[in-house]
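Enquirer: First the structure, which I've put down as C-alpha cells, then a few questions once you've had a look.
The values are calculated or read from the model by the stated rules, or taken from the named source; none is laboratory data. Just so it is clear, the structure is predicted and the values come from calculations on it, not from any experiment. Quick reminder, even Gly has a Cβ in these numbers, built from the backbone with ideal geometry, and neighbours come from all protein chains shown. Just so you know, the surface numbers come from the protein's heavy atoms only, side chains and all, with ligands and any DNA or RNA stripped out. Shrake-Rupley method; radii C 1.70, N 1.55, O 1.52, S 1.80 Å.
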Amino acid sequence: VTVNPVPEISINNETICLGEAVVLNASSNLLGGTYLWGNSSTEESITVAPTSTTTYSVLYTLFGCQATTTTTVSVNPIPIISVTNDVICEGEEGVLVASSNDAGGSYLWSGNISGSSLTDSPQVTSEYTVVYTLNSCESEPVTGSIVVNEIPVVSLLDTVICFGEDI
C-alpha cells in the first residue's frame, strides 16, 4: 500500500484598479502535479482582468490526491474628478478647486503641487492639470484654467470749454 501525501496549494489575494490585469500564481508544497483552474487553464499561473471583484479557484492533483483553493481579485474603481476654472485681472490671484465624489484620496497638480486647490498669479491665461489618487488608482488627468484679463487702459485728453458748454 502506497500512501501519497495530500498536497497543499495557495494563491495570494490581489487588488487591482479597473482596467488592469493581474497574474495569479498558484503554488504547492509538493511539486510535479497538475493544475486546473476554473477557466479550464492547466497552467500554474493565469492572467485575469476582471471588471468587478471576482473569485477564482484552482484544483491541484498529484498522485491522485487533490487540493483546491480560491483567491479573490478585488477591483477598485477609477476615481472621477472635476475642477473649477477662474477668471482674474492681471496681478490678481486665481484659485482652482478639484473635487471628487470619492473622499479619502490625494490630489497632485502639475508642478508637483498637492492639495485639492491651487492658487497662482499667472501673467497670461494658464492651464493646470490635476490627478486624484484613491486606493492606488489614479483618475484621468483633468485640466482647469485661470483666465487672465488685461487691465483696461483709460486715457483722457485735456479739453477747454466755456462756462455752460457741454463736453
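Enquirer: Enumerate the calculated ³J(HN,Hα) couplings along the stretch 28-35 in order (Karplus 6.51 cos²θ - 1.76 cosθ + 1.60, θ = phi - 60°), each rounded to whole Hz, writing x wherever the residue is Gly or Pro.
Expert: Whole-Hz 3J(HN,Hα) from phi for the stretch 28-35: 10, 6, 10, 8, x, x, 10, 10.
Enquirer: Along the Cα-to-C-beta direction of residue 126, a point sits 7 Å from the Cα; which residues of the stretch 73-106 have their amide N less than 20 Å from that point?
Expert: Residues passing the 20 Å test: 83-99.
Enquirer: Follow-up. Based on Cβ point charges of +1 for Lys and Arg and -1 for Asp and Glu, what charge dipole magnitude is obtained for the stretch 43-125 about its Cα centre, in debye rounded to the nearest 20?
Expert: 480 debye
Enquirer: Under a 5 Å amide H to amide H cut-off, with H placed in plane at 1.01 Å, what residues pair with residue 38 once short-range neighbours are removed?
Expert: Residues meeting the criterion, in which the H sits 1.01 Å from N, are 57.
Enquirer: Then there is this: Quick one: what are the phi-derived ³J(HN,Hα) couplings along the stretch 124-130, Karplus 6.51/-1.76/1.60 with θ = phi - 60°, whole Hz, x for glycine and proline?
Expert: 10, 3, 9, 10, 9, 10, 10
Enquirer: Modelling each spin label as a point 7 Å along the Cα-to-Cβ direction, I'd like the residue 8/residue 136 distance in nm, to one decimal.
Expert: 2.5 nm
Enquirer: Okay, moving on. Filter the GluC sites (Glu not before Pro) in the stretch 69-134 down to the DSSP loop ones having no more than 15 other Cβ atoms within 10 Å, then list what survives.
Expert: Loop-located and lightly packed - 90, 92, 93.
Enquirer: Something else about it: Would you work out the charge dipole size for the chain about its Cα centre, treating the Cβ of every Lys and Arg as +1 and the Cβ of every Asp and Glu as -1, and quote it to the nearest 20 debye?
Expert: So the magnitude is around 1360 debye.
Enquirer: Moving on. Just to confirm, what accessible area per residue do you get for the stretch 75-167 at 1.4 Å probe, in whole Å²?
Expert: With the other protein chains kept in place, the stretch 75-167 gives 70 Å² per residue.
Enquirer: Also: Under the rule a/c < 1.5 gives rounded, and otherwise a/b versus b/c splits prolate from oblate, where does the chain land using the Cα gyration tensor?
Expert: Prolate, since a/c reaches 1.5 and a/b exceeds b/c.
Enquirer: Given an 8 Å cut-off on Cα distances and at least 6 residues of separation, report the relative contact order of the chain as a percent.
Expert: 18 percent.
Enquirer: Under 5 Å between amide H atoms, partner at least 5 residues away or on a different chain: which partners does residue 78 have, H built in plane at 1.01 Å?
Expert: Counting only residues 5 or more places away or on other chains, the set is 18.
Enquirer: Now a separate question. Need the full-extension length gain, residue 41 to residue 117, defined as separation in residues times 0.36 nm minus the C-alpha distance. One decimal, nm.
Expert: Full-extension gain reported as 22.5 nm.
Enquirer: Put +1 on the Cβ of every Lys and Arg and -1 on every Asp and Glu Cβ in the stretch 1-121; which of 121, 10, 79 then has its Cα farthest towards the positive end of the dipole?
Expert: So the residue furthest toward the plus end is 10.
Enquirer: Rank 22, 67, 110 by how far each Cα sits towards the positive end of the charge dipole of the stretch 1-125 (+1 on Lys, Arg Cβ; -1 on Asp, Glu Cβ) and give me just the farthest.
Expert: Sorting the options by dipole projection puts first 67.
Enquirer: For the stretch 78-167, what is the relative contact order in percent, using Cα pairs closer than 8 Å and at least 6 residues apart in sequence?
Expert: In percent, rounded to a whole number, it is 33.
Enquirer: Can you list residues from other chains, or at least 5 along the same chain, whose modelled amide H is less than 5 Å from the amide H of residue 15?
Expert: Amide H neighbours of residue 15, under 5 Å, 5+ apart: 74.
Enquirer: Find the cysteines in the chain that fail to meet the 4.7 Å Cβ criterion with every other cysteine, and list them.
Expert: 65, 89, 162
Enquirer: With all protein chains present, how much of the accessible area of the stretch 1-77 (probe radius 1.4 Å) comes from carbon and sulfur, to the nearest whole percent?
Expert: So the carbon and sulfur contribution to the accessible surface is 50 percent.
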